[in-house]
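For reference, the structure discussed in these notes is given below.
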Amino acid sequence: MLWRDARVRWIGGMLVLLLMVTGLGAWQSARDYGAEVARVTAAERARWLGQDAKNPHSADHYGLWVFRPSSPLAIFDPGTEPYTGRMVRIEAHLFNDAVYRAVQDAGPFDRAGLSDVSDVVGLVVPLVALLLGFAAFAADRERGTLRLALGNGAPPGPLFAARFTALTLVLAVLVCLPLLTLGGVAIASLGTAGWQAWPRLLVWVAVQALYGAVFLLIAMIASLLARTARGALTISLAIWIALCLVAPRLATAGMEMVSPAPSYRETRLRIDGDLRPHKSAEASDARAQATLARYGVSDQQELPVDLRGLIMVENDHHAFAVYDRELGAFFAALAARDAAFGWAGLLSPRVALQRVSEGLAGTDFVQHAHFVWSAEAYRRAISERMNAEIRDNPQRDGRAMLAGPELWREIPPFAFAPLPLSRSLAEIRVPALLLGLWLALLAAGSIPLIRRLAP
Amino acid sequence: MSQSRFLPLLRTELRLILRERLTWAILAALQVALCLGGHTGAQRVAGERAAIAQASDDAARSLRDAKEAAARYAVPRAMTVNYWQDPTHAFGYMHYFLAAYAVKPPTPLAVLSAGQSEIQPAVMKTSFGFSTVFEDTAYELGSSAALRLGPFDLAFVLIYLVPLAVIAIAGTRLAAEQDAGILRLIAAQPVHPRIVAGAKFGAAALILVAAVIGGTALALALAGWRDLPPGWATTLALLAAALCAYVVLWVAACALAASLWRGAVASLTILVLTWACVTVVLPALLGLAVDKLAPPPSRIAAIDASRQVQDAFYRGDEAAKVTAAWLTARLPGTTDRPDLRETPQINRLARDAFYETTLAPYRAGMQARAEGAAAWSARLALLSPATTLALTLDTAAGTDAARHAAFLASASEYRRSLRAFFEPRILAQELRPAAVCAGCPARLDFDAYDAVPRFPTVIAADAARWQAALSALTLWGVALALAGLAFRRFAIWSV
């Protein structure tokens, strides 16, 4: 019956078209990005290995760029990726930011609301569910057919369950089939190493279907409550606006008031403030003198190690400690704030879905922070090796130490291992539970209404 | 339309609408939303001002540090100061001490819209190194969850929620009466449908315009917004005109939907779907169009180019050749000074210039793209009333893409002006080194700290004024066209 309804065909067709167009566009961009990153990563590795003989500290400054690989499910939900850089310059002394965020190159309209598949699911799927479900009982009531059905002994409970199941199946087909198709294409054609892509895809699609079911239930409850189809539609649309448009923005405003974001700028200024006195000319001179005293010599030529290398090791260790303390606290605060945002899922299932979706897609802030710290660990490993080479090979009479390909080859390529799915599931447990809670509460709320169903 | 019948009907409709509880509930909710939007806007502006003040403090601190270090190092003592940490060395000051910032201050109407301010930096520290390819690397790493959902600012309330309030109040006028069968009774009266429709939708428009303009003014006042500098009053008046047009436009859309005589359900469905198309779907399509018309160049390709030039510089004797050529171009008479080519600071200036020249096309391409995207966005924005108003509010708030593109260009120009300030001084010190004193850690005599150029901050009111005028004209044009269409369709009753 439902498939024969022209309204269902039109709505379904538009939804599938929107999902496919958005998804295929994102897939094409992901392919291009992946290919470009692979090419430049290989070129960077070749440049690193092919450096001329030079002082290891110069090589440390020469450095290289590393790039964050995208999860294949980023074509559905890019999550934090557009707002956080995916390219990091690895070089001596500096914990550089991940830079060049996609959003800074986007036009002013790109945040309008339908820029990716997760936006379409977040905004349009609820609308489709509401348009499918609002007339479930209200239209029958208006036409008088509900009186006939109930009069003929049709029990309200099974009647409701049958309609809800039928509509859920229609919605599931409209949502899940295109998503599974797109996901399969992405997994088959994009890099999936370490991403546990299939389990992520299946859970991700199931969550989207669950989200659609929440709104279907809302529409059917509106249909039970309203005396006319007009009333049911008005209630449904008002709820869509409230839950999908207003509540998410209210959540951002509320979060800013309750728990203001820590300031990255201030964190960086504090780091500068900590590092500056340590690297001043006076402090450097004092450390050099202390080192000579520690070894019981008066001239650096008499040291068993290279003074410059030793001081660089000490300086870097000081900087590492400052970075760990300040940026560690900053990233932890931001991750905690994002986690707290999960509780805003109480305001709207869309907010809960966003957190769950990006977590499952592997594009949440925790994955970004993991990438940033992985890149920093790689940078430190390079600096430590280069500094050790200088420290352990003292040069006399002002000669500069030169190293060659043997040393460059000791540095392995940067390899990023994403956090496993189990960790992602742990991160999203609160919003996932809230999404389930929405469904459970709506189902529970519908029971007395079904019992009181009157023509 | 007979004025004698219209005015009493209008008064009656005004009374009826104002007597409805739903009207007051919607207007109260809208007022709360406007006040919340004003509050978040005020918080954001305060944050921007704090960031600019911090940058200013940091610049002052660096200047103070340099002066104090110069004084300390001007006294004979047994201590070694590296040339790159020596404030009396122009190169040392430029690379170690100098903290120069390019800043984009908020405009007097900044509270209206967050626009691009959440994602584009308003404060950029000038960097002379060659580790960054483009200058716009700085950003406030904040909550991506909040960025994705978008801010609850005044622009959001005015662009998205005001039309919904209009639809809620005016969307079922006539259509609800048609559904209830009252329309037949009205049609039986000796009154033209245009007069009835005009009175009903005119009353709704009057109430909504007053509520939106008054509510916005109240929200601004509660957000602590008081003074308006000279030149901005006209912009504000034009903005109010644009906002009125936006409200009237949606009331006219309600009238047009009612004129289809399909009942309240159809009217509401049509209006909400139209709203979704105008505020969500069309802007998304326009975003795609802007990306096609002004495609962003690849940042990764530029990174690759930067690495190629770095690799080339350090390969073989390329560095020596580049430095010699750079030095000859600037100081033609120094061929008898091969020692100059060996100095690390000259070598570094030559390297940076070499790097700059190679990357110039990439940087110009990115700048052209930023300007192109802003220009296309401004043109295409006129295709949707929502984007028209959004662009107007962003421009008035100074958070639009065009202002940011101009800011990036100014920041680049500022960096070049700083280099132009320091380069001749560094070269002069290398040619004729003049020590401060014998036995002092300070090597040379650079002390022009206060003469270092400062970033020229500009807040131009013209762009905001012109955009507001264009927006008001466009929106009034669309509103009148829709009203005209509805007027034509209300020629006869359809009952």
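Which residues in segment A:389-423 have a backbone N closer than 18 Å to a point placed 7 Å from the Cα of residue A:295 along the Cα-to-Cβ line? Under 18 Å, as judged by backbone N against the label point of residue A:295, lie A:389-402 of segment A:389-423. Size of segment B:123-212: Rg and Dmax of its alpha carbons, in Å, are 25.6, 82.
What the pair-distance distribution of segment A:197-295 shows, using all Cα-Cα distances binned every 5 Å from zero, is 2, 10, 8, 9, 9, 9, 9, 7, 6, 5, 5, 5, 5, 4, 3, 2, 2, 1, 0 percent.
Think of segment A:6-451 as a dipole: +1 on every Lys or Arg Cβ, -1 on every Asp or Glu Cβ, centred on the Cα centre; then among A:303, A:275, A:356, A:356 lies furthest on the positive end. Given R0 = 56 Å, the distance between the Cβ atoms of residue A:38 and residue B:454 translates into a calculated FRET efficiency of 0.80. Using equal-weight Cα scatterers in the Debye expression, the normalised intensity of segment A:173-217 in log10 at q = 0.15, 0.16, 0.17, 0.34 Å⁻¹ is -0.41, -0.45, -0.50, -1.20.
On alpha-carbon atoms, Rg over Rh for the protein assembly as shown using Kirkwood Rh? Spell out each step's value before the answer.
Values: Rg = 32.7 Å, Rh = 31.3 Å.
Rg divided by Rh gives 1.04.
Using every Cα-Cα pair within segment A:304-380, state what percent have a distance larger than 22 Å.
Details: 1295 of 2926 pairs.
Looking at segment A:304-380, the distances longer than 22 Å represent 44 percent of pairs.
In this rough spin-label picture, where each label sits 7 Å from Cα along the Cβ direction, the residue B:233-residue A:452 distance is 5.9 nm.
For segment A:192-246, what class follows from the C-alpha gyration tensor (a ≥ b ≥ c being the square roots of its eigenvalues): rounded when a/c is under 1.5, otherwise prolate if a/b is larger than b/c, else oblate? It comes out prolate by the Cα gyration axes. Specify whether the C-alpha gyration tensor of segment A:6-451 places it in the rounded, prolate or oblate class, a ≥ b ≥ c being the square roots of the eigenvalues: rounded for a/c under 1.5, otherwise prolate if a/b is larger than b/c and oblate if not. Verdict is prolate for segment A:6-451.
Go ahead and collect, in residue order, the members of segment A:118-135 whose backbone nitrogen is under 19 Å from a label point 7 Å along the Cα-Cβ direction of residue A:24. Taking a point 7 Å out along Cα→Cβ of residue A:24, the residues of segment A:118-135 whose backbone N falls under 19 Å are A:118-121.
Assuming a viscosity of 0.692 mPa s and a temperature of 37 °C, what translational diffusion coefficient in µm² per second does Stokes-Einstein assign to segment B:406-495, Rh being the Kirkwood radius over Cα pairs?
On the way: Rh = 19.6 Å.
The Stokes-Einstein estimate is 167 µm²/s.
A Förster distance of 60 Å, applied to the separation of the beta-carbon atoms of residue A:225 and residue B:352, puts the FRET efficiency at 0.30. Summarising the label geometry, the points placed 7 Å from Cα in the beta-carbon direction at residue A:343 and residue B:336 lie 7.8 nm from one another. Using a Förster radius of 35 Å, what is the FRET efficiency between residue A:177 and residue A:373 based on their Cβ-Cβ separation? Nearest 0.05, please. With a Förster radius of 35 Å, E is 0.35. In chain B, the longest principal axis of the Cα atoms and the axis of helix B:282-293 are about 40 degrees apart.
For segment B:104-254, the calculated P(r), taken from all Cα-Cα distances in 10 Å bins from zero up to the bin holding the longest distance, is 9, 27, 24, 19, 12, 6, 3, 1, 0 percent. Helical content alone sets the calculated 222 nm signal of the protein assembly as shown at -22500 deg cm²/dmol, taking -39,500 (n - 2.57) per DSSP H segment of four or more residues and averaging over every residue. In terms of its Cα atoms, chain B spans 106, 41, 36 Å along the principal axes, sorted from long to short.
Quick one: what do you get for segment B:41-97 if you divide its Cα Rg by 2.2 N^0.38 Å? Write out the running numbers ahead of the final one.
Values: Rg = 16.3 Å, N = 57, 2.2 N^0.38 = 10.2 Å.
Normalised by 2.2 N^0.38 Å, the Cα Rg of segment B:41-97 equals 1.59.
In segment B:69-186, one over the average inverse separation of all distinct C-alpha pairs is 20.7 Å, which is the Kirkwood hydrodynamic radius.
Can you quote the Å³ per residue value for the convex hull of the Cα atoms in segment B:178-269, rounded to an integer? Intermediate values should be presented prior to the final figure.
On the way: hull volume 11.0 nm³, N = 92.
Dividing the Cα hull volume of segment B:178-269 by its residue count gives 120 Å³.
Per residue, the convex hull spanned by the Cα atoms of segment A:262-412 measures out at 127 cubic angstrom. A crude spin-label estimate for the pair residue B:420 and residue B:222, with each label 7 Å from Cα along the Cβ direction, gives 5.0 nm.
Rule-based calculations on the coordinates, nothing more; no lab input. Predicted, not measured: the structure shown is a model, and the values here were computed from it. Cβ: placed from backbone, ideal geometry, glycine included. Neighbour counts: every protein chain shown.
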